[in-house]
1. Given the conditions (1) in a loop (DSSP other than H, G, I, E, B); (2) farther than 23 Å from T33 by Cβ; (3) open to solvent by less than 80 Å² (accessible area, probe 1.4 Å), report the number of the one that A66 does not fulfil.
2. From the residues in region 25-47 that are open to solvent by less than 40 Å² (accessible area, probe 1.4 Å) and over 9 Å from the mean Cα position of the chain (by Cα), which one is modelled with the lowest pLDDT?
3. Is there any pair with a first residue in region 62-90 that is free of Cβ contacts under 8 Å to residues at least 12 places away in the same chain and a second that is of a type in the set (G, A, S) and open to solvent by less than 80 Å² (accessible area, probe 1.4 Å) whose Cβ atoms are under 6 Å apart and which are 6 or more apart or on different chains, and what are they?
4. Check whether at least one residue in region 71-89 is open to solvent by less than 40 Å² (accessible area, probe 1.4 Å), at pLDDT 95 or above, in a helix (DSSP H, G or I) and within 14 Å of V29 (Cα to Cα), and report yes or no.
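The values are calculated or read from the model by the stated rules, or taken from the named source; none is laboratory data. Here the structure is a predicted model, which is why all the values come from computation and not from measurement. Methodologically, a virtual Cβ is constructed for each residue, glycine included, from the backbone with ideal geometry; neighbour enumeration extends over all protein chains shown. Only protein heavy atoms, including side chains, enter the accessible area calculation; ligands, DNA and RNA are left aside. Shrake-Rupley method; radii C 1.70, N 1.55, O 1.52, S 1.80 Å.
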Amino acid sequence: MRNDLQAAGVLEEPTQSVDTPKLTESVLVVDDTRDTRLLFAAFSRKAGAQTSLAESGQVAYEKVMAAWKSGRPFDLVLMDVEMPEIDGVTTTRRLREAGYTGTIV
């Protein structure tokens, strides 16, 4: 299939290599969908980040607070917006009300 696409001019070989950015940060991936968590985790780990996962807003809240209180907060929290029980907006609001100032996307 790959050769067929190349022959048809649909798929071209890259003319230059693309470097994967290297991260040294810790990342928390929050999503209620397992496949999405694993996909984002794979990308961030490939870039070198230490990655943790949370399947709900409540679990994310607990992990973020525990890491923060231990003096090792996450450098980045990738937060899903729509989740059952506690959504990402509510979780983020609760974290901010508790004084957490880290980056949440």
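1. (1)
2. Across region 25-47, the extreme among qualifying residues is A47.
3. V81/G88
4. For region 71-89, residues open to solvent by less than 40 Å² (accessible area, probe 1.4 Å), at pLDDT 95 or above, in a helix (DSSP H, G or I) and within 14 Å of V29 (Cα to Cα): present.
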